[in-house]
Structure formats: structure tokens, C-alpha cells
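Here's the structure we're looking at; comments come further down.
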Amino acid sequence: MTARFDELTSLSPDEVVTHSYVRDVALASGKTIALVTLDNDRDHTRPSTLGPGTLLEFATTLDGLRMRATAGEIDGVAVTGKPFIFAAGADLSRVSDIPSRAIARQMAELGHYALGKLDELGVPSFVFINGLALGGGLEVGLNANYRTIDRGTPAVALPEVFLGIIPGWGGAWLLPNLIGIENALKVIVENPLKNNRTLKGREVFDLGIADAIFDSANFLEDSLKWADGVLSKTITVKRPNEPGKIERAVKWDVAVGIARKMLESRIGTVAKSPYVALDLIKAAKNTDRATGFAAEDDALADLISGDQFRASIYAFNLVQKRAKRPAGAPDTALAKPVTKVGVIGAGLMASQFALLFVRRLKVPVVITDLDQDRVDKGVAYIHGEIATLLATGRVSPDEANRLKALVTGTTDRSLFSDADWVIEAVFEELGVKQDVFAEIEKYVSDTAVLATNTSSLSVGQIGAKLAHPERLVGFHFFNPVAVMPLIEVVNTPATDEATLSTAMVVAAKLYKNAVITTDTPGFVVNRILAKLLGEAMHAVDTGTPFEVVNGALASFGLPMTPFELLELVGLKVGAHVLDTHHSAFPERFFESRNLHSLAEHGQIFERDSKGKIKGFDRKAVAIVKGGTTPMTGEEILRRVEDGLADEIHRMLEDHVVEAPEDIDLCLILGAGWPFQMGGATPYLDRVGASERAFGGTFHSPPIRGLD
């Protein structure tokens with residue numbers, strides 16, 4: 001039977017197998033339960049995963065236990081994990097080696113074959129979720145008859161949709177039939193698209209995924225005692241969230257329809273996996289288990305074979321691996337200690353910096369501005385945000401008091417004398433930033449690092465008035481500061497290794513991912529966005545309607561349209577960024593007088609009282625009227641694709657970053673570029689833009705599916 005999976009298993013000769021270790025446990029009632037422990041024989045830093053070898057061993061183990069159950073040797077089977085870890089899902093390390101759709105389908109079939117045996121033992125099956133359970137790990141539990149959860153479990157989820165696939169080992173059929181349609185939609189579709197939100201142990205129980213919840217100290221013992229009660233029929237399991245006839249008849253299709261409309265408005269229709277998941281969940285209302293599992297097999301085979309999953313795995317590896325080992329980073333031993341932080345400015349951005357630094361570094365933070373009133377407002381804002389953290393339970397009362405005490409404000413620059421790290425957040429104008437740093441350098445120590453948050457100005461020019469420009473580094477955050485995970489660390493020709501190392505270490509301590517870029521206009525993210533937005537505005541300037549431009553670029557699958565992005569960053573900021581790039585590269589970046597006029601007007605869209613877009617603002621449409629050479633959607637898309645491929649190729653030729661992977665990492669983490677695109681470069685290779693722009697590809701072979 002297992003021979004049909006030989007080709008799949010041959011793709012993973014070096015798999016770290018998660019073994020199925022079995023021991024019999026005598027229960028208080030006199031019954032016996034066979035306890036299977038999933039363990040890859042590594043410590044908690046290497047979570048157990050489910051590759052082909054693992055699944056086949058698990059299936060063989062369950063076959064043996066079924067024979068023992070038939071012989072009356074055991075009364076039940078339970079599965080748990082090694083300490084802190086249940087299972088982190090399918091082993092995707094070799095998925096890019098899958099050569100055909102048929103082998104991709106085997107991956108789904110093997111999961112169903114192995115995990116499905118939990119429902120075919122002839123005795124009740126239990127899963128004791130003792131820790132992290134993601135994707136296929138959670139599906140192990142869903143295939144069993146009963147589940148318990150450790151209250152301290154930090155993360156349980158079905159993240160597949162985030163990666164461009166679907167829960168394909170039973171999850172898409174089993175979960176809605178276990179916890180109801182609305183709860184299942186939340187776990188399978190909504191949470192993955194919210195930056196892969198996970199569930200805590202209590203949430204798993206409240207949703208009805210687990211039948212019982214126990215504290216960590218005696219989790220296994222309590223789970224075994226509970227299982228004994230179920231086997232002895234002294235405990236009756238009730239599942240209040242299990243869908244009834246009314247839910248199936250009335251709510252099911254309505255909930256799926258609402259979810260579909262929500263997806264279309266939020267992410268468009270380019271991403272395939274969320275909609276495939278919706279189709280499977282909808283069908284789960286009226287299909288039996290075998291039919292539901294077969295549909296999962298087909299859907300998973302199609303998605304694994306497609307472009308979006310391959311691009312998603314590329315993006316996933318960038319975020320999980322490359323981001324943790326930044327290219328070109330100096331030895332961390334060179335980093336200077338940071339025992340106090342100074343923030344120049346007390347406005348919203350500066351206050352967000354101060355809050356982040358005090359929360360993560362837990363060192364004194366002092367802010368300054370032109371007058372005491374602005375300083376006081378800044379400190380009050382920070383204290384208010386700490387109070388909100390306290391009210392929502394994210395910090396304790398003691399920690400809140402400590403954090404507030406660490407934040408001070410002053411107009412006396414001499415109080416910056418013992419700051420090891422000073423960052424500015426003042427107006428984006430070269431002369432202002434130059435003067436601010438020249439002034440503060442009079443007060444800080446010779447070893448203090450100076451950081452600028454400029455988004456597009458030359459960091460080297462900002463340091464032109466410094467006596468020690470080697471201590472200056474670019475440290476470009478993205479908005480909102482607390483949420484966006486990227487920092488572009490800008491290395492100027494003058495920046496020394498100790499300063500660069502300090503910046504990288506500080507970024508890591510802030511829980512941010514840092515990419516080192518050279519000192520060039522727009523660095524990475526803003527240069528690429530300037531190209532995209534510049535082409536969009538150029539199309540409008542030539543007479544193309546706003547809505548035609550939006551529709552033309554829909555295939556990028558970006559989280560918002562170019563004009564929504566312009567409004568988000570601020571029309572004046574957008575105009576300034578485009579002007580900066582036009583000045584630097586006039587032959588490739590357009591200036592737009594219309595954008596300046598729109599900035600004076602203040603908006604492109606008409607919105608309702610809740611901020612929802614109703615349409616394009618009539619005055620905005622009138623402002624841009626007058627162009628006489630409108631473009632078609634196809635022409636705009638080709639211009640943008642080829643323009644981006646050309647610009648990224650130039651950036652790599654000029655060593656702005658080390659590799660295409662760093663470009664994509666910046667776009668994914670700093671601009672919300674979709675995982676299913678893999679950033680920009682895999683997409684540009686797939687659509688032929690790279691070949692058209694510079695006669696090659698960014699990746700060899702290109703990152704694309706089998707179809």
C-alpha cells in the first residue's frame with residue numbers, strides 16, 4: 001500500500017524524521033491506553049515536523065495499534081508531543097523539488113492516509129496537544145476522536161492559506177464540522193491573513209477545537225485521567241459549537257458569502273488559496289468525510305503545483321532564514337553598548353520611537369524638541385500609550401511604572417551627554433537634519449551613535465556638518481513603527497563597522513528585521529514604490545482615468561491600490577519622494593505637478609464617515625484632467641512591470657543590496673508585498689519583464705510552478 005508513496009519519500013532522503021514512540025499506560029480504571037509520543041530526538045529549538053518518512057512511520061505505528069486493539073490488548077490510543085512541542089506542521093523543506101502534480105497530490109494523500117488511521121483504530125483516539133501545533137500538527141488532532149489542550153500552549157493555527165495552500169490533511173472538512181462555520185472561517189481564512197495570527201490554549205478550548213483544557217504542570221497526567229473517564233463513560237463530551245441543522249441550513253452559505261465579499265474588498269482576487277479554502281469549507285456542509293478529503297487532495301495538488309505556492313515558500317524562507325542572518329552584517333562583537341537613548345523630536349513619529357526603545361531596550365529614553373510644551377506633549381503621549389498597554393494586560397503595573405519612569409523630556413541638550421544612541425525624527429528636509437545633528441554633536445560623547453530616520457534623503461549629506469560622520473547611520477523605520485517589522489539600515493561610505501554593527505544589534509533588540517542598504521535615493525522600498533507610484537501618476541497625467549490605472553495593476557495583488565498608498569503615506573510626502581527620485585534619476589522617474597496639486601487639495605478619494613472609500617473625489621478628478629494621450633490597462637501594466645525589472649536590476653548592479661532576495665525581503669516586510677508574489681523579483685521573472693528589461697532573470701531557474 002505504501003509503495004505508491006515511494007517517489008514522494010525519495011525526494012526527502014535527509015528528512016529529520018519525527019518518530020512515533022509508544023508506551024502502554026495503565027489507567028486507574030484498569031484500562032490500558034497506548035501513548036504515542038511524537039519526537040524528532042532534537043531539543044525544543046528544532047520543532048517536530050511531519051515529512052513523508054514521519055507520516056509513514058506514524059501510519060505503521062497506528063496499524064500495529066489497531067491490531068492490538070482488535071486483540072483486546074489496549075482500550076484507547078493517545079498521541080502527544082515532546083516537551084513544549086506537539087508538531088509544527090508539514091516538512092516543507094523539499095517541496096520545491098516536487099516534479100509533478102501527481103507527486104504533489106501524493107503529499108495530500110499521504111497525510112490523509114496516515115492521519116486518517118486515528119479514526120480507524122477500533123478504539124477511541126485522543127490527542128493531547130501539549131504545545132505548539134501548526135498546520136498538519138493541528139490536523140493530527142482534528143483526525144482523532146477527542147482532544148485536550150495545555151493551557152500554556154503558545155500557538156495553535158492552520159497557517160496554510162498564508163503560504164498559498166489550504167489545510168489539506170483533513171482540516172478544511174473536519175474543522176467546520178467540529179466547531180461551526182463562523183469559527184472555522186476565523187481559523188482557516190481570517191487568522192492567516194492577519195499576519196498569521198495564532199490561538200492560545202484557552203482560545204483553542206473556547207472555540208471547541210479541544211474538549212478539555214488542563215494546566216501545564218500536570219497536563220499529561222490530567223489528560224490521561226480525563227481520557228480514562230471518557231473510556232469508562234464517566235465523562236460525557238459535549239460540543240456546544242458543533243454545527244446543528246439550523247446552522248447548516250441557514251448560516252453556512254451566508255457566512256461563506258460574507259467572507260468572500262470581505263476577502264474581495266481586503267485583498268482583491270489575485271490570491272488563490274483563500275478562495276479555494278472558502279470553496280472547500282462551503283462544500284463541507286453537505287459532503288461526507290471521504291468526499292471532503294478527496295477534494296482537499298485535488299485542491300492541494302493544484303496549489304502546490306502553482307506559481308503562488310512556490311513564491312510563498314521562497315518568501316517564507318526569506319523571512320524565516322535570510323532575515324535572521326542579514327547579508328553584509330558586521331561582527332556583533334563590534335557593537336557598542338546602548339545604555340541610554342536620545343530622541344530628537346517629540347512629535348508622533350518621535351514619540352513612537354521613544355515608546356519602542358523603552359519597551360524593548362528597557363533603558364532611559366530622553367526626548368527633546370524646540371520648546372517645553374512640545375516636549376511635555378510627547379512625554380504625555382508616551383505615558384498614555386504605556387497606560388493603554390497596562391489596561392489591555394500587555395504589561396504589568398510594575399513594568400508600566402518602570403517604563404514611565406525611564407521616559408523623560410527636556411529642552412536642555414546637555415542631558416544627551418550620556419546617551420549612547422541618538423535618533424532624529426524631525427522634518428524631512430536636508431538642511432534641518434544637518435543642523436540638528438551638528439547641534440547635538442556638541443553635547444554627545446565621542447562614542448555615541450547618531451541615527452537618522454530619513455526615508456529618501458542622502459544619509460551622507462545629512463552628516464556633512466558632523467565632525468565625526470563615521471558615527472552616523474541610516475535607521476529607516478516604516479509606519480506604524482510598532483507594527484512594521486523592517487528597518488533599512490543605511491551604510492554610508494563614512495560609516496564605520498562599529499556603528500553599523502551597533503545599528504544591526506539595536507534593530508534585533510527592537511524585534512525588527514534589518515536589511516543593510518547603501519546610501520542611495522529611496523534606499524530599497526521607497527525607490528521601488530516611487531517607481532510604481534511615479535508610473536501610476538504619469539499614466540494619470542497623460543489622461544488615463546484613476547480607475548483604469550487601479551485595474552491595470554490589480555494583477556500585482558498588492559494590499560492597496562497606488563492611490564490608496566499615496567493617501568496613506570500622505571500626498572505631500574509622496575510628491576516629495578517622487579521629486580527626490582526625479583532629481584536623482586530624471587530619465588527614469590517622472591515629476592508630477594498634478595500630484596502637488598492633489599496634495600494641496602488633500603485627497604484623491606471620497607470617503608464616508610467611517611473612512612470607507614465611496615469613489616474618486618470629484619475635485620481630484622478635475623485636477624488631473626487635461627491629459628491627451630491616455631494609456632490602456634495593458635500598456636500601463638507592461639510599463640510598470642518592465643520599469644520595475646529595470647530599476648531593480650540597476651539597484652543590484654550598483655550593489656544597493658547584496659542580492660534579489662534582499663529586495664524582496666524589504667518589500668515583504670516593509671511594504672506588505674504579498675507572500676504569494678514572493679516579493680517582486682519572482683513575479684517579474686514569471687511575466688517576462690526581466691527578460692524584456694535586461695535580457696535575463698533574477699533567479700535561475702525562475703521561481704514558478706509546474707503548470
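Selection of the stretch 147-164 for residues being out of contact with any helix residue (DSSP H, G or I) (no Cβ under 6 Å at 6 or more places or on another chain) and either closer than 19 Å to GLY208 by Cβ or free of Cβ contacts under 8 Å to residues at least 24 places away in the same chain (or both) yields ALA155, ALA157.
Remark: pairs (first residue in the stretch 299-312, basic (Lys, Arg); second residue in a helix (DSSP H, G or I) and open to solvent by 10 Å² or more (accessible area, probe 1.4 Å); Cβ separation under 8 Å; 6+ apart in sequence or on different chains) = ARG310/SER96. THR628 meets each of the listed conditions (1) open to solvent by less than 20 Å² (accessible area, probe 1.4 Å); (2) farther than 17 Å from VAL515 by Cβ; (3) among the β-branched types (Val, Ile, Thr); (4) part of a loop (DSSP other than H, G, I, E, B) apart from (1).
Annotation note: of GLU587, GLU600, GLU535, GLU606, the sole residue that is assigned to a loop (DSSP other than H, G, I, E, B), among the charged types (D, E, K, R) and either over 20 Å from ALA680 (Cβ atoms) or in contact with a Gly (Cβ under 9 Å, 6 or more places away or on another chain) (or both) is GLU587.
In the stretch 442-501, what residues are charged (D, E, K, R), in a helix (DSSP H, G or I) and farther than 23 Å from ASP412 by Cβ? Passing the criteria: GLU470, GLU497.
State whether the residues of the stretch 303-326 include one that is at pLDDT 95 or above, surrounded by fewer than 19 Cβ atoms within 10 Å (Cβ to Cβ) and assigned to a helix (DSSP H, G or I). The answer is no, given that none of the residues of the stretch 303-326 is at pLDDT 95 or above, surrounded by fewer than 19 Cβ atoms within 10 Å (Cβ to Cβ) and assigned to a helix (DSSP H, G or I).
Counting only helices (runs of 4 or more DSSP H) that fall entirely inside the stretch 138-219 and contain at least 3 residues that are among the aliphatic types (A, V, I, L, M), the qualifying elements are 171-179, 181-185.
Applying the criterion of being over 29 Å from the mean Cα position of the chain (by Cα), surrounded by 14 or more Cβ atoms within 10 Å (Cβ to Cβ) and of a type in the set (A, V, I, L, M, F, W, C) to the residues of the stretch 605-625, the residue that is farthest from THR580 (Cα to Cα) is PHE616.
Apart from one condition, GLU600 fits all of (1) surrounded by 14 or more Cβ atoms within 10 Å (Cβ to Cβ); (2) farther than 30 Å from ALA271 by Cβ; the exception is (1). Taking the stretch 670-707 as the range and being of a type in the set (A, V, I, L, M) and either in a loop (DSSP other than H, G, I, E, B) or at pLDDT below 95 (or both) as the test, the residues that pass are ALA671, MET677, ALA680, VAL687, ILE703, LEU706. In the set (1) open to solvent by 30 Å² or more (accessible area, probe 1.4 Å); (2) under 30 Å from ALA329 (Cβ atoms); (3) in contact (Cβ under 8 Å) with a residue 12 or more places away in the chain, the condition left unmet by GLY551 is number (2). Just one of (1) crowded, with 24+ Cβ neighbours inside 10 Å; (2) aliphatic (A, V, I, L, M); (3) within 18 Å of THR49 (Cβ to Cβ); (4) out of contact with any Ser or Thr (no Cβ under 7 Å at 6 or more places or on another chain) fails for LEU134. It is (1).
Of all residues in the stretch 363-386 being of a type in the set (A, V, I, L, M) and open to solvent by 40 Å² or more (accessible area, probe 1.4 Å), which is farthest from THR411 (Cα to Cα)? Only one residue tops the list, namely ALA380. The set of residues from the stretch 23-36 being touching a Ser or Thr at 6+ places or on another chain (Cβ under 6 Å) and surrounded by 13 or more Cβ atoms within 10 Å (Cβ to Cβ) comprises SER29, VAL36.
VAL319 - would you say it is within 30 Å of GLU488 (Cα to Cα) and not polar (S, T, N, Q)? The answer is yes for VAL319.
Being closer than 30 Å to GLY30 by Cα, surrounded by 15 or more Cβ atoms within 10 Å (Cβ to Cβ) and under 28 Å from the mean Cα position of the chain (by Cα) holds for only one residue in ALA184, ALA172, ALA210, ALA255, and it is ALA210.
Residue-by-condition table, conditions (1) touching a helix residue (DSSP H, G or I) at 6+ places or on another chain (Cβ under 7 Å); (2) part of a helix (DSSP H, G or I); (3) closer than 30 Å to VAL395 by Cβ:
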position	(1), (2), (3)
ALA299	yes, yes, no
THR339	no, no, yes
GLY342	yes, no, yes
ALA350	yes, yes, yes
VAL358	yes, yes, yes
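Screening the stretch 8-21 for residues that are surrounded by 17 or more Cβ atoms within 10 Å (Cβ to Cβ), of a type outside the set (S, T, N, Q) and more than 15 Å from ASP41 (Cβ to Cβ) and picking the one that is modelled with the highest pLDDT gives LEU8. Scanning the stretch 64-89 for residues that are within 18 Å of LEU138 (Cβ to Cβ), at pLDDT 95 or above and of a type outside the set (A, V, I, L, M, F, W, C) yields THR80, GLY81, LYS82. Every condition in (1) closer than 26 Å to VAL161 by Cβ; (2) in a loop (DSSP other than H, G, I, E, B); (3) of a type outside the set (S, T, N, Q); (4) in contact (Cβ under 8 Å) with a residue 60 or more places away in the chain is met by VAL656 except one, and the failing one is (1). The single residue among TRP252, TRP226 that is closer than 24 Å to LEU300 by Cα and assigned to a helix (DSSP H, G or I) turns out to be TRP252. Count of the stretch 61-101 residues, restricted to those that are open to solvent by 50 Å² or more (accessible area, probe 1.4 Å) and touching a residue at least 12 places away in the same chain (Cβ under 8 Å), is 13. Taking the residues in the stretch 144-169 that are over 23 Å from ALA78 (Cβ atoms) and either in contact with a Cys (Cβ under 6 Å, 6 or more places away or on another chain) or not acidic (Asp, Glu) (or both) as candidates, determine which candidate is most open to solvent (accessible area, probe 1.4 Å). Within the stretch 144-169, the match that is most open to solvent (accessible area, probe 1.4 Å) is PHE162.
The values are calculated or read from the model by the stated rules, or taken from the named source; none is laboratory data. Quick caveat, the model's predicted, so the values are computed rather than measured. Here Cβ is always computed from backbone atoms with ideal geometry, including for glycine, and neighbour counts include all displayed protein chains. Keep in mind that these areas ignore ligands, DNA and RNA; they rest on the heavy atoms of the full protein, side chains included. Shrake-Rupley method; radii C 1.70, N 1.55, O 1.52, S 1.80 Å.
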